[in-house]
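Data block below; observations after.
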2 protein chains.
Amino acid sequence: MVYPTPVFVVGTFDKAGRPNVMTASWGGICCSQPPCVAVSLRKATYTYGNILERKAFTISIPSEAFVREADYFGLVSGRSTDKFAATKLTPVKSDLVDAPYVKEFPLIVECRLVQAIELGLHTLFVGEVLDVKAEEDVLAGAGLLDIDKVKPLAFTPDTEAYYGIGRRIGQAFSIGRDI
Amino acid sequence: MVYPTPVFVVGTFDKAGRPNVMTASWGGICCSQPPCVAVSLRKATYTYGNILERKAFTISIPSEAFVREADYFGLVSGRSTDKFAATKLTPVKSDLVDAPYVKEFPLIVECRLVQAIELGLHTLFVGEVLDVKAEEDVLAGAGLLDIDKVKPLAFTPDTEAYYGIGRRIGQAFSIGRDI
């Protein structure tokens, strides 16, 4: 129970090469060098087997405008449903890893699986980030993102709701300097 | 590079029993059963050695009102500074684990170290959550939190800024049902 948690849409291919996506909120950045992200999934998910098989996954960050699609991706299983077809979103095969991402989402991270750590109900997958793609119109210049344009979602683990990002409070490594 | 990342204040005791805190944004929930959280730290931090020594840590979630203190906790090292004294915040020893938390912060998670996974510059610490404490006035009833009262911070990894949480967008496992 920590606040906030992110909303990640995890993209994988299954054995037959069909693209799948699922939504996960247990995850985050876990290393700067090499750049790595973590995402934890239950064994029961279709994505779990896909990651182990393909040794790769992507994380597509939905903007607020795609909250319905992101929620849907967590409601149904890729075993029985083509979630891309159902949402009319577009799977794009990564050039770098054996996994697809969601073309319409503003921010994409492409990962090579480096570790799978069984913790209990969830298994923590660590992926090395091989590339980050951002839509031109969410950039603030100098390769930086503008969070007010990305409009990522935050998830509350207990009340299970989606929230937007609010106002800028201050600059890190700066606002506390006068203490 | 994923959005958003949380702002965790990690509490530990050093060898001498002195309470220390540092701020970290690489982390999140990583398992539901047993409940576990992950936080990644550089070896160079004072907290790194403290966690390995004491096999325990806490995460105190600062509200917006404590953004300056949270930032300060990431600016200086506990090797040379008593961060509690400097900020006039209060360390409380957990009854359950060998680590202190920040009394004034609205949400506290107390963790027993279960794994330390070296990834590179950062080491990912997995802690089993033994208790979650929340201030009465951030509860929404039924043991649930009201995020508008907790007012947690979000951090942008590239532009290094703190943000608040914004408006409620919708209910998870619900808003996507009509697709």
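Scanning the range A:142-175 for residues that are assigned to a loop (DSSP other than H, G, I, E, B) and buried (at least 23 other Cβ atoms within 10 Å of the Cβ) yields A:LEU153, A:ALA172. Taken as a whole, the structure leaves B:LEU75 outside the set of residues that are at the interface with another protein chain (Cβ under 9 Å from one of its Cβ atoms), without any contact (Cβ under 8 Å) to a residue 60 or more places away in the chain and open to solvent by less than 10 Å² (accessible area, probe 1.4 Å).
For the range B:124-142, how many residues meet the condition of being within 8 Å of chain A (Cβ to nearest Cβ) and out of contact with any helix residue (DSSP H, G or I) (no Cβ under 9 Å at 6 or more places or on another chain)? Going through the range B:124-142 one residue at a time, the tally reaches 4. For the range B:23-47, residues that are open to solvent by 30 Å² or more (accessible area, probe 1.4 Å) and over 16 Å from B:VAL97 (Cβ atoms) total 7.
Remark: pairs (first residue in the range A:118-145, on the phi > 0 side of the Ramachandran plot and free of Cβ contacts under 8 Å to residues at least 40 places away in the same chain; second residue among the aliphatic types (A, V, I, L, M) and part of a strand (DSSP E or B); Cβ separation under 9 Å; 6+ apart in sequence or on different chains) = A:GLY143/A:ALA134.
Just one of (1) surrounded by 16 or more Cβ atoms within 10 Å (Cβ to Cβ); (2) outside any loop (DSSP other than H, G, I, E, B); (3) in contact with a Ser or Thr (Cβ under 6 Å, 6 or more places away or on another chain) fails for B:VAL132. It is (3). B:PRO4 falls short on exactly one of the conditions (1) at pLDDT below 95; (2) crowded, with 18+ Cβ neighbours inside 10 Å; (3) farther than 30 Å from A:LYS133 by Cβ, and that condition is (3). Of all residues in the range B:7-22, those satisfying the criterion of being open to solvent by 10 Å² or more (accessible area, probe 1.4 Å) and either in a strand (DSSP E or B) or touching a residue at least 12 places away in the same chain (Cβ under 8 Å) (or both) are B:PHE13, B:LYS15, B:ARG18, B:PRO19, B:MET22.
The values are calculated or read from the model by the stated rules, or taken from the named source; none is laboratory data. Just so it is clear, the structure is predicted and the values come from calculations on it, not from any experiment. Note: ideal-geometry Cβ built from the backbone for every residue, glycine included; neighbour counts use all protein chains shown. The protein model used for the area step is the full one, side chains on, heavy atoms only, and it has no ligands, DNA or RNA in it. Shrake-Rupley method; radii C 1.70, N 1.55, O 1.52, S 1.80 Å.
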